[in-house]
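Each value in this text was obtained by applying a stated rule to the coordinates, not by laboratory testing. Every value quoted in this text rests on a predicted model; they were computed, and no experiment measured them. For neighbour counting, all protein chains shown are included, and Cβ atoms are generated from backbone atoms with ideal geometry for every residue, glycine included.
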C-alpha cells in the first residue's frame, strides 16, 4: 500500500513535544495556520525503519481533550478526526515529562481510552534522573497497556526505539483499528489512577539536590531576581543595537550596490524606476532590520528554551497586573522592541482573549527598531551634543526618554482599554515554571531560521505590494516641464490635503508628504524627507548626512520635537496593521488601533509643539 | 488557613477549594495542573514589587505560578 501514513504528537505543555518533533522531522517542517484560527500548525515527515514516510503533526500542548482554549480545541478536533481538511492521525505519540508523570498521565489516559494505536514517549528522562528520580518504563507500559519508550529528545536518545514502536503500532492500526479499547474513567478516577501508576513506575527516588530549585532561589529572589532580569535585558538590547550594526551596514551596502547595478544595467524608464525607487528601496529598507530581529530572537528563544522566560513572566507579573495584564504579556511586549510583528504573533501564548487583545493593541507603542533611524536623524539635527551631569549625554537622554514615553504610554493605554473596550474580570496568571535545561543549539537555530523566513516572506509580499502602490502614487501623473514630480503626483495632492490637518501641530508640508510613504514603514520617513528636500542620495545614511543641515535650516525646534512625539505613537507600519488583522480575524481591531494611535500621536505632537513654542524654544 | 497565608517552605494539603470564586477557565486550568482537594503543596517563592504576588507553588515535582487571589480560594491544612 502506498498511502501516506499519519501520526500526531500529543501531550501536555512543557513535555518536550516540540524538541521531539524537531528531532523526528529535522528541518523538513511546514509551518502554517490552521484555517480560520490563529493556531500554528506544525507538520513534517519522518521515515519508519522500513523506509516508509509518515506525515507527523505537532499538536498544541493540552491538558485534556475537554478544550479550554483555541489551541486545545484544535488538538481535540484533530485527534478525534473532526477537523475539516485534517486527516485523523493513525498513531498517537503521547509525550510525557518523566518528572511530571502524575500530571501528564491524566491526559495520556484520556488519549489511550480512545482505543487508537498509541506509543508513549517517556521524555526528558535525563532531567528526571538528574533530580534523583529513576523510572521503570516497563512497569508504566504494563499499567498503561501501550508501549512506553524512554527518550531524551534534545540529546536524540531513544529515537530509534521510538520509531520501531511507531512502526509496530502503525501495523496494528491496519490489522485491527479497535485493538486498544481501554477503560473509561472520570477525571477524579483518572487522577487517582495517574498517581498510582506514577508511583508504581518509580524505581528509586532520592531527595537529591535539585538544580532548578537552587537556580530559582537566585533567579526568583525578591531582591536579586529583578536586577538579574534587567541586566539580561540590558545585554540583550546592547546586542540588538551594537552587534547588528555591522551586519545592517553590510545589508544596506548590498541593497545600495544592487540599486546601482540595476540603474546601470537597465535602460532609463518606468521599469527601472519601479525596481530601484519602488521595490529595492522599499523592501531593502525593511530587510536591513533582519540582523536585529535575528539577534533579538536568539535571546528570546534561548530564554524560552532554557526555562528562564517563565521566570521573567513571574517576576514581571506584579507590574503587569497594575495595568490589568499578566506576566504572560511581558514576552510579546519584549519582542515588540525589535518589531511589533513577531511581538503580536507571540501573543498567541496568552490564554485570556481580552488580555491578548489588549497586548496586541499596545504592542506598537513599544519602540521598535524601525523608529531608530527617524529618532537618530532628528536628535542629531536638533539636540545639542553635550553632557548633562556625569557622563550622561543629552542626545542619549532624549532617546531614552522616547523609549520611556512609549512604555508609559502603553501602560496608560492598557489601563484605559482594560476598563473600557477590553473590560472584563482581571486576568489571572497561572503558569507552569518548567525545569531549567541547557537550550539545544539545533532547536534555536531551527527556530531562528523559521522566524527569519516568516519575516522575509512578509517583506516579500505585504511590504513589496505597499511600496509599489506608494511608488505609483508618487510617480503619477507625470510632472510637466519645470514642475516638481512630487508636487504633481497623487501623493503631492494628498499631502496638500494632509497639511491642512497637520499644520496646527507644527508640521510643515514636507513632513505631511514624508508621512505618506512612511505608512509602509516608519524609517521610510527619513528617505522621503531626504528626497523631498532634493538631496541626491539613495540610502538612509547618506541621505541623513545631507539632510541634517537642511532640516536645521527649515525646521524649528518645536517642529522637530513634535515630530519625535508623533513617532512615539503613530502606527506608521502597514505590516503591523496587516498582522493585527490576521491575529484578530477581522478589520475591527486594526482599524481601532489605527484610530487610537493616530489620535494619540496628534494630541501629543500638538502638546509638544505648543509647549515648546510657549517655552520659547 | 488559606494557601496564600501559608509560610514559604511549609508543606500543606489542600482540604477545600472555593471553585465558585475562580473564573471557570482558570478553575479548569488549575485542575488540569493537579490543583484539587487532597493535593499536597508548598510555597517556594513569592513575587516581588510588593504584595508578595504572584506565588510559586511546588506540587509534586512541578513548580506552578499563580496569583494570591487564586491561592486565597484554597483552604489548606499544614502538614
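At full extension, residue A:548 and residue A:614 could sit 21.3 nm farther apart than now, given 0.36 nm per residue minus the alpha carbon distance. Computed from the C-beta positions of residue A:37 and residue B:18 and an R0 of 30 Å, the FRET efficiency is 0.35 to the nearest 0.05.
Hey, any idea what Rg/Rh is for the stretch B:3-78, computing Rh the Kirkwood way over Cα pairs? List each step's numbers first, then the result.
Details: Rg = 11.3 Å, Rh = 12.2 Å.
Value, to two decimals: 0.92.
Each of residue A:215 and residue A:274 was given a label point 7 Å from its Cα along the Cα-to-Cβ line. The distance between the two points is 5.4 nm.
Modelled spin labels at residue A:245 and residue A:490, positioned 7 Å past Cα toward Cβ, are 4.1 nm from each other. Relative to the longest principal axis of the Cα atoms of chain A, the long axis of helix A:308-321 makes an angle of roughly 60 degrees.
Over the Cα atoms of the stretch A:308-401, Rg to Rh with Kirkwood Rh, two decimal places?
Working: Rg = 16.5 Å, Rh = 14.9 Å.
Answer for the stretch A:308-401: 1.11.
Counting Cβ atoms of other protein chains within 10 Å of each Cβ in B:23-35 and taking the mean gives 6. Applying 1/(1 + (r/R0)^6) with R0 = 41 Å to the Cβ-Cβ distance of residue A:425 and residue A:599 gives a FRET efficiency near 0.90. The alpha carbons of chain A give a radius of gyration and a Dmax of 27.9, 90 Å, in that order. Across chain A, the relative contact order, built from alpha-carbon pairs under 8 Å that are at least six residues apart, equals 10 percent. In the distance distribution for the stretch B:1-44, Cα-Cα pairs more than 13 Å apart total 57 percent. Sorted largest first, the spans of the alpha carbon positions of the stretch A:1-84 along the three principal axes are 39, 27, 21 Å.
Counting partner chain Cβ atoms within 10 Å of every residue's Cβ in A:313-325, what's the average? Each step should come with its number before you reach the end.
Working: counts 2, 8, 5, 3, 8, 9, 3, 0, 7, 2, 0, 0, 0.
Taking all residues of A:313-325 together, the mean is 4.
Pairs of C-alpha atoms in the stretch A:8-138 farther apart than 23 Å represent 31 percent of all such pairs. A Förster distance of 56 Å, applied to the separation of the beta-carbon atoms of residue B:79 and residue A:4, puts the FRET efficiency at 0.55.
Given the stretch A:291-347, what whole percent of its Cα pairs are spread farther than 12 Å? All intermediate terms of the calculation are to be shown ahead of the outcome.
Details: 1025 of 1596 pairs.
Looking at the stretch A:291-347, the distances longer than 12 Å represent 64 percent of pairs.
Of B:53, A:487, the sequence from fewest to most neighbouring Cβ atoms within 10 angstrom is A:487, B:53. Between the helical axis of A:557-569 and the longest alpha-carbon principal axis of chain A there is an angle of about 20 degrees. With a simple spin-label model that places each label point 7 Å from the Cα along the Cα-to-Cβ direction, the separation between residue A:185 and residue A:456 comes to 4.9 nm. On a 0 to 90° scale, report how tilted helix A:371-382 is relative to the longest principal axis of chain A, with both axes built from alpha carbons and the result rounded to the nearest 10. Computed tilt is about 30 degrees.
What does the helix-only formula give at 222 nm for chain A: each DSSP H stretch with n ≥ 4 adding -39500 (n - 2.57), the total divided by the residues, and the result rounded to the nearest 500 deg cm²/dmol?
It lands at -18000 deg cm²/dmol.
The value obtained for the stretch A:198-289, namely the Cα convex hull volume divided by the number of residues, is 213 Å³ per residue.
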